[in-house]
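Worksheet: the structure to be examined is printed underneath.
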């Protein structure tokens, strides 16, 4: 992940997601999403920062699981497309 651009308010990377904070709220954004003019990657609301700090290990582990599921589904789609 060394070359991956970080958003303003970056907290961590997990799988193919970035967690970032804005105004005490935590957002989860896929790494492929575009950046807004304020320097934040577009993502969805995840939880409050207080909740994230209390449950970080569980939340971040879920991102790895979601990323693996997404990769598996994407691989299946690509294989079926290539097969014709």
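Answer yes or no as to whether residue 5 is surrounded by 15 or more Cβ atoms within 10 Å (Cβ to Cβ) and either more than 17 Å from residue 53 (Cα to Cα) or at pLDDT below 95 (or both).
No; evaluated as a whole, the condition is false for this residue.
Take the stretch 7-60 and flag every residue that is in a loop (DSSP other than H, G, I, E, B) and out of contact with any strand residue (DSSP E or B) (no Cβ under 7 Å at 6 or more places or on another chain).
Correct list: 8, 15, 23, 32, 34, 36, 37, 38, 39.
The values are calculated or read from the model by the stated rules, or taken from the named source; none is laboratory data. Everything numeric in this text was worked out from a predicted model, so none of it was measured. No Cβ is skipped: glycine too gets one built from the backbone with ideal geometry, and neighbour counts run over all protein chains shown.
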